[in-house]
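All remarks here apply to the structure that follows.
The values are calculated or read from the model by the stated rules, or taken from the named source; none is laboratory data. None of the values given here were measured: they were computed from a predicted structure. Cβ atoms come from the backbone with ideal geometry, glycine included; neighbour counts cover every protein chain shown.
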Amino acid sequence: MSEKTNQYKTTWYFEVVAEAGLGIDNDTGEPAPVYTKFSMDHKVPIEPERYEEMNIDVAAYLAETLNVPVEHIKSITEAEYNENADE
């Protein structure tokens, strides 16, 4: 919880697989995965069982926003995101 705002922040991390066609490898020109995160500030903590439901909802939102099948949105860990995402 942030001391300044008395709010919680939850972040979900995702890989959009290469088959979605959103990323291109600069060296090969081949399709490549892209990585994204979605953060939300909230005033009460998210219960663990609700977190997974929300993860599915966020993936569906991203799929709709990016106009790709939801099957192309893969939930990943923060470590996987940090390892692969170019900031």
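Values as computed for the structure displayed
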read-out	value
Filter result for residue 68 (part of a loop (DSSP other than H, G, I, E, B), surrounded by 11 or more Cβ atoms within 10 Å (Cβ to Cβ) and either in contact (Cβ under 8 Å) with a residue 12 or more places away in the chain or of a type in the set (A, V, I, L, M) (or both))	yes
Count of the range 11-49 residues which are surrounded by 12 or more Cβ atoms within 10 Å (Cβ to Cβ) and part of a helix (DSSP H, G or I)	3
The lone exception for residue 63 - which of (1) of a type in the set (A, V, I, L, M, F, W, C); (2) surrounded by fewer than 16 Cβ atoms within 10 Å (Cβ to Cβ); (3) assigned to a helix (DSSP H, G or I) it fails	(2)
Check on residue 86, among the charged types (D, E, K, R), modelled with pLDDT of 90 or more and not in a helix (DSSP H, G or I)	no
Residues of the range 27-60 that turn out to be closer than 12 Å to residue 14 by Cα and not polar (S, T, N, Q), as a count	9
Output for the range 71-87, where each listed residue is more than 12 Å from the chain's Cα centre (by Cα) and over 20 Å from residue 25 (Cβ atoms)	71, 79
